[in-house]
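The values are calculated or read from the model by the stated rules, or taken from the named source; none is laboratory data. Keep in mind that what you see is a predicted model, and the values were worked out from it rather than measured. No Cβ is skipped: glycine too gets one built from the backbone with ideal geometry, and neighbour counts run over all protein chains shown. Note: accessible area is taken over every heavy atom of the protein model, side chains too, but ligands, DNA and RNA are not part of it. Shrake-Rupley method; radii C 1.70, N 1.55, O 1.52, S 1.80 Å.
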Amino acid sequence: MIAHHGELANAPALLSLADKLLDSIRHAAQQGRTAHDVERDIWNQLLALGHQAFAHFLQLQGSGDLGPQVTLSDGSLAQRLEQTHTRDYRTVFGSFTIERTCYGSREGQAITFVPLDNRLQLPASDYSYLLQQWGQMLGAESAFARIADTLEEILKIKQPVDSLERINRNMATAVEPFREQRPLPKPEDEGEVFVASADGKGIVMRRNPDDPKPKAHRSKGDKANKKRMAIVGAIYSVDRHVRTAEEVTAALFRDTPSSGEKKAKRPEPVGKHVWGRLSRAGDGSLGEPIDAVFGWQAKELGRRNNSGTKDVVCVMDGQECLWEGCQRHLPVGVVEVLDILHVTPRLWQASHMFCKEGSKEAASFVRDRVLRILRGECKGVVMGLRRQATLQKLAASKNKKLETICKYLSGNASRMRYGEYLAKGYPIASGVIEGACRSYVKDRMERSGMRWTKAGAQAMLDVRSEFLNGDWDSFHRFRIQHETNQIYPHIQILERQNWTLAV
């Protein structure tokens with residue numbers, strides 16, 4: 001426990017540790033110790049020095065005794081309680097117990113004001129904001145159990161896994177208010193076109209106690225794990241990138257560039273942000289998360305393209321429920337683009353109805369139709385596939401598969417005006433959202449053995465989004481201020497108090 005009265009015992013100990021550190025460095029140099037041993041020894045001594053330094057800082061604050069009574073910001077009086085009250089505080093330098101003078105109506109009743117907590121702006125949690133930030137930065141990439149081991153190895157701190165999970169869920173509550181006031185890219189830095197995209201990604205959920213036990217033997221169609229779908233959205237701006245159908249076809253088929261041919265540099269996305277919402281419905285239905293994600297994108301567009309002068313493009317696969325969400329929320333006139341990478345696999349499937357799989361004929365078949373589709377000839381390609389099926393008298397099973405492909409292409413023809421899109425420099429592939437589903441969701445939440453509760457999964461999606469979006473430091477500054485405003489409504493009265501250090 002840190003004493004707050006009498007002699008400041010920590011100051012001599014602090015100076016002693018500093019002298020000890022200098023002596024150990026000199027002795028290490030004289031004895032010829034190895035660099036890695038000295039490095040570890042210095043680190044351990046710095047942790048001990050940091051502990052004493054922070055203890056001295058707390059000791060200098062005193063207990064926060066402001067006299068027999070304090071006038072609160074609402075004009076009411078709070079009386080000094082007879083006993084000081086302690087609270088635990090865990091930092092990157094170790095744990096402390098702080099004695100504080102508290103104010104309220106009387107002992108045993110709710111405490112209404114703690115001057116020292118207000119002065120130091122201590123978090124609601126026992127864990128310091130810095131320790132929370134470091135732990136959750138690691139948690140954005142690694143399992144919580146691994147984080148606990150890492151913190152113990154580096155900082156000599158034992159932090160239970162359940163406390164890391166609680167901090168993650170608490171931190172997530174600040175994500176939405178932060179997003180609503182997130183600093184925007186400068187208008188002059190924005191790209192020429194705004195791009196929105198969305199996709200679904202399953203997350204393995206933890207079994208509830210009342211769920212049926214897993215089957216000893218799975219039949220066809222049974223899943224090894226129960227997943228719940230998250231809808232992941234991305235929004236960014238980018239400069240136009242005009243290309244020809246021939247250039248895109250060459251890229252899709254990975255043609256070797258001609259000697260001396262210089263590949264055009266792709267423009268970089270500006271202000272790229274991703275966020276995912278897990279389905280909250282008992283049956284896992286996607287209406288609510290789709291509306292939440294597209295609603296968020298609409299707000300972002302409203303903030304970043306409020307004049308509505310820039311083109312807005314939505315690039316996705318063929319899931320109709322996603323396109324319906326786009327139409328409900330995104331601005332009128334948004335350009336709908338079917339991801340070309342969801343077209344090419346179907347053309348390869350179609351080629352196998354007429355050509356041997358893996359043959360040059362199959363590759364030529366696909367290349368020809370990809371080029372035509374990129375020129376905007378989707379309807380002609382579909383008509384040609386059906387005509388060829390009739391001429392070659394395809395077997396019923398193959399004809400059925402081919403008709404499924406044709407219906408997909410014709411049903412999305414309005415989103416396959418690629419000749420127009422390429423001429424205007426629009427993106428035609430949803431690589432950003434595909435990459436987001438992989439790096440944002442899979443890389444953290446689908447590791448071996450991981451199972452999530454709904455609350456835990458959504459909290460991780462929220463916090464990890466701010467980590468990946470590049471807003472980590474800004475988010476934490478906002479979160480600290482947001483929490484401070486909530487838990488310290490009387491903090492301003494310290495401005496008229498004369499705080500005397502315990503020296």
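List of remarks:
- Overall, the accessible surface of the chain at a probe of 1.4 angstrom is composed of carbon and sulfur to the extent of 51 percent.
- Relative to the globular-protein estimate of 2.2 N^0.38 Å, the Cα radius of gyration of segment 108-184 stands at 1.32.
- Relative to the dominant Cα principal axis of the chain, helix 129-139 is inclined by about 30°.
- Taking the square roots of 5 times each eigenvalue of the Cα gyration tensor of segment 50-132, largest first, gives ellipsoid semi-axes of 25, 13, 11 Å.
- Distant alpha-carbon pairs in segment 319-378 (separation over 15 angstrom), percent: 59
- Sum of -39500 (n - 2.57) over DSSP H runs of 4+, divided by residues of the chain (222 nm, nearest 500): -14500 deg cm²/dmol
- Cα gyration tensor of segment 346-503 - equivalent ellipsoid semi-axes, whole Å, descending: 59, 19, 13
- Alpha-carbon radius of gyration plus Dmax, which is the widest Cα pair, for the chain in Å: 30.7, 101
- Amide H contacts of Asp311 (H built 1.01 Å from N, under 5 Å, at least 5 apart or other chain): Phe194
- Normalising by residue count, segment 349-434 has a Cα convex hull of 114 Å³ per residue.
- Over segment 63-204: Kirkwood hydrodynamic radius from C-alpha pairwise inverse distances, Å: 19.0
- Expressed in Å, the radius of gyration and Dmax of the Cα atoms of segment 1-148 are 20.1, 67.
- Ala363/Ala11 FRET efficiency (R0 51 Å; Cβ-Cβ; nearest 0.05): 0.05
- Efficiency of FRET between Glu107 and Thr453 - r from beta-carbon atoms, R0 41 angstrom, step 0.05: 0.55
- Solvent-accessible surface ranking, highest first, for Glu361, Glu192, Glu300 at 1.4 angstrom: Glu361, Glu192, Glu300
- 0 to 90° range, to nearest 10: angle between helix 378-392 axis and the chain longest Cα axis: 50
- List Asp473, Asp74, Asp126, ordered by accessible area with a 1.4 Å probe, largest first: Asp74, Asp473, Asp126
- Between helix 287-304 and the chain: long-axis angle, C-alpha atoms, 0 to 90°, nearest 10: 80
- Selection from Ser105, Leu391, Cys406, by position along the positive dipole direction of the chain (Cβ): Leu391
- Efficiency of FRET between Lys401 and Leu184 - r from beta-carbon atoms, R0 41 angstrom, step 0.05: 0.30
- P(r), alpha carbons of segment 109-148 - 5 Å bins starting at zero, rounded %: 6, 20, 20, 18, 11, 9, 11, 6, 1
- Cα pair count fraction exceeding 15 Å, expressed as % - segment 274-360: 68
- Segment 425-503: C-alpha gyration tensor shape, a/c 1.5 cut-off, then a/b vs b/c: prolate
- Candidate residues Thr309, Thr84: accessible-area rank, largest first, probe 1.4 Å: Thr309, Thr84
- The antiparallel fraction among DSSP beta bridges confined to the chain stands at about 75%.
- Dipole magnitude of the chain, debye to nearest 20 (Cβ charges: Lys/Arg +1, Asp/Glu -1, about Cα centre): 2800
- Scanning residues 5 or more positions from Ala502 or on other chains, those with amide H under 5 Å from its amide H are Gln61, Gly62, with H placed 1.01 Å from N in the peptide plane.
- Residue pairs exceeding 19 angstrom between C-alpha atoms, taken from Lys226/Lys401; Lys356/Lys393; Lys272/Lys424: Lys226/Lys401; Lys272/Lys424.
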